[in-house]
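Engineer: One structure coming up, written as structure tokens, with questions to follow.
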Amino acid sequence: MNRRKKIKSILTKKSKRANLKENPKKAKPKYISKAERAKMEVEESSALENSDSSVERQDEDNNS
């Protein structure tokens, strides 16, 4: 009985590995720490401010 059980477990492990290789799980997005998220938010807000100010400058130039 033990021999059968061992062989069966080996074969099931092989089949599970083969299935995982064929159908990998969907990749999770990379974890971003709270500090990194805060940095990114600051950079985005500053980039938005810069783009808004450049648009305002263009409008002022066009009005002049």
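Quick note: the coordinates plus some simple rules give every number you see, no bench work behind them. All figures in this text were calculated on a predicted structure; none of them were measured in a lab. A quick note on method: Cβ atoms are made from the backbone with ideal geometry, for glycine too, and the neighbour counts reach across all protein chains shown.
Engineer: Using 0.36 nm per residue, how much length does the chain from Ala18 to Arg3 gain when fully extended, once their Cα-Cα distance is taken away?
Structural biologist: That works out to 3.1 nm of additional length.
Engineer: Also, I was wondering about something else. Over region 5-52, with a single point scatterer placed on each C-alpha, what log10 of the ratio I(q)/I(0) does the Debye formula yield at q = 0.24, 0.28, 0.29 1/Å?
Structural biologist: Normalising to I(0) and taking log10 leaves -0.87, -0.96, -0.98.
Engineer: Roughly what would the spin-label model give for Leu11 and Val42, points 7 Å off Cα along C-beta, in nm?
Structural biologist: So the two model labels end up 6.1 nm from each other.
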